[in-house]
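Right, one structure below, let's go through it.
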Ligand code: ADP
């Protein structure tokens, strides 16, 4: 164990790091729709390396059953109260790559869809909340901290502290991590009262009421012992109305308990020197392979095969959040004036997809898009492009910029959330940096940042220095796990 943790334990009069149970709607590789699953699936393994027992509790979704049914061990069964009903709960245990996962089984609530949407989703996760809290005393594990994630598990702290006095749940500490503040779990209070038996005294602005609705996320933010989000800058931003989606009041009130921890990326999956998706592998000392990847990418995408032209790329969901409207605003200006190539791998908003299809027609051989989702192609893009454009309106953490840097592709980002915390902008006086950035959500600022990148592209010694420092940056998950371990310790 690291000396720092030994000292922290001594200060607290303990000999062991705390036992933690992570509660989440999804957990990679078992079930995944987004980055939340990656964090929950990676964190326990990284914590284990620090000597910590962290386990996961997640629904036994159909996708998990289909693949892992013969590997799970049945533990126990009980019935949970949900409104006037008693609902079956089966607790199964799965040991996977050094990680212990408890699966909450109920065929009715956890079938084909991880998220059912609307009112059905609310009931699905109200059930999960109740099942988790009722299961805790009978697990073969004594957690001291319950680490909840997003609104789906945000009611666990509130119910744990208001409905389980005298039980084994009393004294548990709760951490709530915000991965996406836009989704909050809102409904009429009668629904929460019906499903979870919440007392009407909690339906006030001090507790879970917001804008005339009961709000699961707000309930969690009020009752959790600590709150964190996935980057320090985003933890600051969500205290402001522009980013907070209505929750700025409670987040300001609890700012002393709010912090940010950057997610990491999987350094094994994203590794240019061992990536099977690339025609040629490379590392920071041998960048010839990167040039060959660029030629392969240009060929695959129907771009002119030219080593001397800067290739800008985007790998993204095409939504409002990702700032594609800024790109759409300046792309023609740039394409008409500069000798450059641009490509996009993404899918989402139809008007952005159509914009790209039309632009492709105007700039044949210099601009192209792959509208869709392709993991193997994304690896080739990260390796073959020179610059990754990521002008997000907001970005809680962002993984693409970290992956790009690992492949020596320099990110061009707006200074927001995790982008601000991971990209060190190029300083023309010292030569330092690992990417480029701009401050305001403004298309002309993006254009200027792309032009600065093109200037650097023409100066090989500057470009090589930036690529080297991008590839040397450490975005592995071990660093995040240490910060979580520190946070857990502070909670005790
Ligand atoms: P978000 O989770 O908000 O979409 P992140 O940057 O945190 O953004 O993570 C996005 C992840 O999804 C990255 O690993 C990126 O490579 C991947 N991704 C996004 N769009 C595509 C796509 N069209 N094809 C393949 N991978 C994609």
- Sort out which residues of the range 161-171 are without any contact (Cβ under 8 Å) to a residue 40 or more places away in the chain and either in a helix (DSSP H, G or I) or outside the structural domain of residue 220 (by TED's automatic domain parsing) (or both), and write them in order of number. 163
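Looking only at residues that are in a helix (DSSP H, G or I) and out of contact with any helix residue (DSSP H, G or I) (no Cβ under 8 Å at 6 or more places or on another chain) in the range 468-489, which one is surrounded by the most Cβ atoms within 10 Å (Cβ to Cβ)? Write out each step before concluding.
Step one: list which residues in the range 468-489 are in a helix (DSSP H, G or I), which gives 468-472, 477-489.
Restricting the remaining residues to those that are out of contact with any helix residue (DSSP H, G or I) (no Cβ under 8 Å at 6 or more places or on another chain) gives 468-469, 472, 479, 482-483, 487-488.
Working: 468: 14, 469: 19, 472: 11, 479: 13, 482: 18, 483: 16, 487: 17, 488: 22.
Taking the candidates together, the pick is 488.
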- Message: If residue 411 meets every condition in (1) modelled with pLDDT of 95 or more; (2) out of contact with any strand residue (DSSP E or B) (no Cβ under 8 Å at 6 or more places or on another chain); (3) within 12 Å of the ligand (Cβ to nearest atom) apart from one, which number is that one?
- Response: (2)
- residue 393 vs (1) buried (at least 22 other Cβ atoms within 10 Å of the Cβ); (2) within 16 Å of the ligand (Cβ to nearest atom): all pass except (1)
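When residues of the range 288-307 are filtered for being in a loop (DSSP other than H, G, I, E, B) and either within 14 Å of the ligand (Cβ to nearest atom) or buried (at least 18 other Cβ atoms within 10 Å of the Cβ) (or both), how many remain?
Just the residues of the range 288-307 that are in a loop (DSSP other than H, G, I, E, B), to begin with: 302-307.
Pick out the ones that are also either within 14 Å of the ligand (Cβ to nearest atom) or buried (at least 18 other Cβ atoms within 10 Å of the Cβ) (or both) and you get 303.
Result for the range 288-307: 1.
Applying the selection to the range 371-390, what residues are farther than 29 Å from residue 460 by Cβ and near the ligand (Cβ under 8 Å from one of its atoms)?
Of the residues in the range 371-390, the ones farther than 29 Å from residue 460 by Cβ are 371-376.
Matches in the range 371-390: 372, 373, 374, 375.
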- Taking residue 451 as meeting all but one of (1) out of contact with any strand residue (DSSP E or B) (no Cβ under 7 Å at 6 or more places or on another chain); (2) more than 16 Å from the ligand (Cβ to nearest atom); (3) assigned to a loop (DSSP other than H, G, I, E, B), write down the number of the exception. (3)
- Filtering the range 308-321 down to residues that are within 12 Å of the ligand (Cβ to nearest atom) and at pLDDT 95 or above, which residue is farthest from the chain's Cα centre (by Cα)? 313
- Query: Can you name every residue in the range 30-55 that is in contact (Cβ under 8 Å) with a residue 12 or more places away in the chain, surrounded by 16 or more Cβ atoms within 10 Å (Cβ to Cβ) and farther than 18 Å from residue 485 by Cβ?
  - Reply: 30, 31, 35, 36, 37, 38
- Item | Checking residue 214 against (1) within 23 Å of residue 417 (Cβ to Cβ); (2) in contact with a strand residue (DSSP E or B) (Cβ under 6 Å, 6 or more places away or on another chain), the condition it does not meet | (1)
- Message: So, in the range 326-353, how many residues would count as being within 16 Å of the ligand (Cβ to nearest atom) and surrounded by fewer than 22 Cβ atoms within 10 Å (Cβ to Cβ)?
- Response: 5
- Message: Going by what's in this entry, would residue 356 be described as buried (at least 17 other Cβ atoms within 10 Å of the Cβ), within 16 Å of the ligand (Cβ to nearest atom), over 26 Å from residue 475 (Cβ atoms) and over 18 Å from the mean Cα position of the chain (by Cα)?
- Response: yes
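Go through the range 42-53 and report how many residues are under 20 Å from the mean Cα position of the chain (by Cα) and outside any helix (DSSP H, G or I). Steps first, please.
First, the residues of the range 42-53 that are under 20 Å from the mean Cα position of the chain (by Cα): 42-47.
Now narrow it down to the ones that are outside any helix (DSSP H, G or I): none.
The qualifying residues number 0.
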- Do we have residue 112 as within 16 Å of the ligand (Cβ to nearest atom) and modelled with pLDDT under 95 here? no
- Among the residues of the range 11-41, the number that are assigned to a helix (DSSP H, G or I) and under 21 Å from residue 142 (Cα atoms) is 2
- May I ask you to list pairs of residues, at least six apart or on different chains, whose Cβ atoms are under 6 Å apart, with the first in the range 332-357 being over 22 Å from residue 294 (Cβ atoms) and the second being in a helix (DSSP H, G or I)? 352/324; 355/328
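The values are calculated or read from the model by the stated rules, or taken from the named source; none is laboratory data. The model shown is predicted, which means the values in this text are computed figures rather than measured ones. As a convention, Cβ positions derive from the backbone with ideal geometry for all residues, glycine included, and neighbour counts pool all protein chains shown.
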